[in-house]
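Taking it in order: structure first as structure tokens, then the write-up.
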Amino acid sequence: MGSLEQYADMIKDKNRTGSFPFNLDLSNLDTGSITNILNDIEQHLPLMESEGDLCQLLKVKAFFEDELKVSHRLH
């Protein structure tokens, strides 16, 4: 499993590429569900074979991290 520090530069590059391209309604997901999704993403980061795939996955990760920050969710 990779650490977030390992991908810090990629995350900075992601910020230059724009926001996540989908408008998803996550209102039915609680904090635990989003945290589980983020954990799954963390496990898949080292498996990405190309920089493009890694950047896309980092966009998805940032999207879910922002959702956790914006929403005050109940378990």
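Quick look at the values:
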{"quantity": "Residue within segment 32-46 that is at pLDDT below 90 and touching a His at 6+ places or on another chain (Cβ under 8 Å) present", "calculated": "yes"}
{"quantity": "Condition broken by residue 59, with the remaining ones in (1) without any contact (Cβ under 8 Å) to a residue 12 or more places away in the chain; (2) in contact with a Pro (Cβ under 9 Å, 6 or more places away or on another chain); (3) not hydrophobic (A, V, I, L, M, F, W, C) satisfied", "calculated": "(1)"}
{"quantity": "Test for residue 29: is it surrounded by 14 or more Cβ atoms within 10 Å (Cβ to Cβ), modelled with pLDDT of 85 or more and of a type in the set (A, V, I, L, M)", "calculated": "no"}
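The values are calculated or read from the model by the stated rules, or taken from the named source; none is laboratory data. These numbers were taken from a predicted model, which means no experiment stands behind them. Note that we place each Cβ from the backbone using ideal geometry, even for glycine, and neighbour counts take in every protein chain shown.
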